[in-house]
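> This is the structure, below, for whatever I ask next.
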Amino acid sequence: MKKQTPLHLGWALIAGGGAPEIELALRLAEYARGLAGMEAYCVRAYADALEIIPSTLAENAGLNPISTVTELRNRHAQGEKTAGINVRKGGISNILEELVVQPLLVSISALTLATETVRSVLKIDDLVSDLQSLMSI
(Lines give C-alpha, C1' and ligand atoms only; values in the text may rest on other atoms or scores of the structure.)
Protein backbone atom coordinates (compact mmCIF):
# COMPACT_ATOMS: atom_id res chain seq x y z
CA MET A 1 0.00 0.00 0.00
CA LYS A 2 1.34 3.44 -0.93
CA LYS A 3 2.08 5.76 1.97
CA GLN A 4 -0.17 8.81 1.88
CA THR A 5 1.40 12.24 2.25
CA PRO A 6 -0.67 14.81 4.11
CA LEU A 7 -1.85 17.50 1.72
CA HIS A 8 -0.39 20.30 3.84
CA LEU A 9 3.12 18.78 3.60
CA GLY A 10 2.91 18.70 -0.17
CA TRP A 11 2.26 22.43 -0.30
CA ALA A 12 4.57 23.61 2.50
CA LEU A 13 7.48 25.80 1.45
CA ILE A 14 10.58 26.63 3.46
CA ALA A 15 13.49 28.99 2.95
CA GLY A 16 16.02 27.92 0.32
CA GLY A 17 19.62 28.93 -0.18
CA GLY A 18 21.02 26.42 2.32
CA ALA A 19 19.12 28.03 5.22
CA PRO A 20 17.36 24.90 6.50
CA GLU A 21 20.46 22.73 6.19
CA ILE A 22 22.73 25.12 8.10
CA GLU A 23 20.05 25.65 10.77
CA LEU A 24 19.66 21.92 11.23
CA ALA A 25 23.46 21.49 11.31
CA LEU A 26 23.73 24.08 14.08
CA ARG A 27 20.95 22.49 16.14
CA LEU A 28 22.44 19.01 15.73
CA ALA A 29 25.91 20.24 16.72
CA GLU A 30 24.38 21.84 19.81
CA TYR A 31 22.57 18.59 20.62
CA ALA A 32 25.77 16.58 20.11
CA ARG A 33 27.53 18.63 22.80
CA GLY A 34 25.15 17.09 25.32
CA LEU A 35 25.94 13.54 24.23
CA ALA A 36 28.94 11.36 24.93
CA GLY A 37 31.02 8.81 23.08
CA MET A 38 30.04 7.36 19.73
CA GLU A 39 26.59 8.98 19.78
CA ALA A 40 28.13 12.45 20.03
CA TYR A 41 30.56 11.64 17.23
CA CYS A 42 27.80 10.36 14.92
CA VAL A 43 25.47 13.30 15.50
CA ARG A 44 28.33 15.76 14.97
CA ALA A 45 29.33 13.98 11.74
CA TYR A 46 25.74 14.22 10.50
CA ALA A 47 25.74 17.95 11.27
CA ASP A 48 29.03 18.38 9.39
CA ALA A 49 27.61 16.49 6.41
CA LEU A 50 24.63 18.85 6.25
CA GLU A 51 27.00 21.78 5.78
CA ILE A 52 28.11 20.28 2.47
CA ILE A 53 24.82 21.42 0.91
CA PRO A 54 25.31 25.19 1.40
CA SER A 55 29.02 24.77 0.69
CA THR A 56 28.25 23.18 -2.68
CA LEU A 57 25.67 25.87 -3.43
CA ALA A 58 28.22 28.60 -2.68
CA GLU A 59 30.88 26.92 -4.80
CA ASN A 60 28.49 26.47 -7.73
CA ALA A 61 27.58 30.16 -7.48
CA GLY A 62 31.25 31.13 -7.80
CA LEU A 63 31.53 32.17 -4.15
CA ASN A 64 34.21 31.17 -1.66
CA PRO A 65 32.51 28.21 0.06
CA ILE A 66 34.48 28.46 3.31
CA SER A 67 33.84 32.15 3.97
CA THR A 68 30.25 31.93 2.72
CA VAL A 69 29.32 28.97 4.94
CA THR A 70 31.12 30.57 7.89
CA GLU A 71 29.12 33.77 7.46
CA LEU A 72 25.91 31.79 6.98
CA ARG A 73 26.60 29.76 10.13
CA ASN A 74 27.32 32.94 12.11
CA ARG A 75 24.11 34.62 10.92
CA HIS A 76 22.09 31.57 11.94
CA ALA A 77 23.86 31.45 15.31
CA GLN A 78 22.72 35.06 15.80
CA GLY A 79 19.12 33.97 15.22
CA GLU A 80 18.67 34.78 11.53
CA LYS A 81 16.94 31.50 10.67
CA THR A 82 16.00 32.58 7.14
CA ALA A 83 19.49 33.77 6.16
CA GLY A 84 20.58 31.92 3.06
CA ILE A 85 22.96 32.07 0.13
CA ASN A 86 21.68 34.54 -2.43
CA VAL A 87 23.15 33.40 -5.71
CA ARG A 88 21.92 36.49 -7.58
CA LYS A 89 23.49 38.95 -5.15
CA GLY A 90 26.55 36.83 -4.42
CA GLY A 91 26.21 36.80 -0.65
CA ILE A 92 24.03 36.07 2.35
CA SER A 93 20.60 37.65 2.70
CA ASN A 94 17.15 37.01 4.13
CA ILE A 95 16.26 34.44 1.54
CA LEU A 96 12.51 34.55 2.26
CA GLU A 97 12.43 38.26 1.42
CA GLU A 98 14.00 37.30 -1.91
CA LEU A 99 11.26 34.66 -2.36
CA VAL A 100 13.78 31.83 -2.64
CA VAL A 101 11.91 28.82 -1.30
CA GLN A 102 11.94 25.07 -1.63
CA PRO A 103 9.30 22.42 -0.94
CA LEU A 104 9.47 21.03 2.58
CA LEU A 105 8.67 17.58 1.23
CA VAL A 106 11.81 17.61 -0.95
CA SER A 107 14.01 18.39 2.06
CA ILE A 108 12.31 15.77 4.22
CA SER A 109 12.66 13.16 1.48
CA ALA A 110 16.34 13.95 0.90
CA LEU A 111 17.19 13.76 4.61
CA THR A 112 15.19 10.57 5.05
CA LEU A 113 16.88 8.88 2.10
CA ALA A 114 20.35 10.00 3.20
CA THR A 115 19.73 8.76 6.75
CA GLU A 116 18.39 5.41 5.58
CA THR A 117 21.39 4.98 3.28
CA VAL A 118 23.87 5.64 6.07
CA ARG A 119 22.04 3.24 8.39
CA SER A 120 22.17 0.54 5.70
CA VAL A 121 25.89 1.07 5.16
CA LEU A 122 26.52 0.88 8.91
CA LYS A 123 24.50 -2.33 9.18
CA ILE A 124 26.51 -3.87 6.34
CA ASP A 125 29.73 -2.73 7.99
CA ASP A 126 28.64 -4.38 11.26
CA LEU A 127 27.88 -7.62 9.42
CA VAL A 128 31.26 -7.63 7.70
CA SER A 129 33.00 -6.94 11.01
CA ASP A 130 31.08 -9.77 12.69
CA LEU A 131 31.96 -12.17 9.85
CA GLN A 132 35.63 -11.22 10.04
CA SER A 133 35.57 -11.83 13.80
CA LEU A 134 33.98 -15.25 13.32
CA MET A 135 36.48 -16.23 10.64
CA SER A 136 39.47 -15.33 12.80
CA ILE A 137 38.34 -17.67 15.62
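The values are calculated or read from the model by the stated rules, or taken from the named source; none is laboratory data. As the structure is a prediction and not an experimental result, all values here were calculated from the model. A quick note on method: Cβ atoms are made from the backbone with ideal geometry, for glycine too, and the neighbour counts reach across all protein chains shown. Please note that ligands, DNA and RNA were not included when accessible areas were found on the heavy atoms of the full protein model with its side chains. Shrake-Rupley method; radii C 1.70, N 1.55, O 1.52, S 1.80 Å.
> Tell me the carbon and sulfur percent of the accessible area for region 8-86, rounded to whole percent, probe radius 1.4 Å.
60
> Taking θ = phi - 60°, what integer Hz values does the Karplus form 6.51 cos²θ - 1.76 cosθ + 1.60 yield along region 89-95, in sequence order, with x for Gly and Pro?
Once θ is set to phi - 60°, the couplings for region 89-95 become 8, x, x, 9, 8, 6, 5 Hz.
> Angle, helix 65-77 long axis vs. longest principal axis of the chain, Cα atoms, 0 to 90°, nearest 10?
80
> Along the charge dipole of the chain, pointing to its positive end and built from +1/-1 on Cβ of Lys, Arg, Asp and Glu, which listed residue (N64, L105, G18) has its Cα farthest out?
L105
> With an 8 Å cut-off on Cα pairs and a minimum separation of 6 or more residues, tell me the relative contact order of region 1-115 in percent.
Relative contact order here is 35 percent.
> Using Cα springs under 10 Å in a Gaussian network model of the chain, which residue among S120, S67, S55 shows the largest mean-square fluctuation?
The residue that fluctuates most here is S120.
> Under a 10 Å cutoff between Cα atoms, tell me which one of K81, K89, K123 has the largest fluctuation in the Gaussian network model of the chain.
With Cα springs under 10 Å in the chain, the top fluctuation among K81, K89, K123 is at K123.
> Shifting gears a bit: Give me the accessible area per residue for the chain, probe 1.4 Å, as a whole number in Å².
For the chain, the per-residue accessible area is 70 Å².
> Continuing with this model, one more query. When the helix-only estimate is applied to the chain (DSSP H runs of n ≥ 4, each -39,500 (n - 2.57), divided by the residue count), what is the mean residue ellipticity at 222 nm, nearest 500 deg cm²/dmol?
The helix contribution divided over the chain gives -20500 deg cm²/dmol.
> Compare N64, N86, N94 in a GNM of the chain, Cα atoms joined below 10 Å, and give the one with the largest fluctuation.
Of the options given, N64 has the highest mean-square fluctuation.
> Now a separate question. Pairing the Cα long axis of helix 37-50 with the longest principal axis of the chain, what angle in degrees results, from 0 to 90 and rounded to the nearest 10?
40
> Further, regarding this structure: Work out, step by step, the length gained on full extension between C42 and K123: first 0.36 nm times the residue separation, then minus their alpha carbon distance; give nm to one decimal.
Net length gain for the segment: 27.7 nm.
> DSSP loop (so not H, G, I, E, B), at most 13 other Cβ within 10 Å: list which GluC sites (Glu not before Pro) in region 42-137 pass both filters.
In loop regions of region 42-137 (DSSP not H, G, I, E or B), the sparsely surrounded GluC sites (Glu not before Pro) are E97.
> Let me ask you something else. May I ask for the Kirkwood hydrodynamic radius of the chain, worked out over all distinct Cα pairs and given in angstroms to one decimal?
Here the Kirkwood hydrodynamic radius works out to 16.9 Å.
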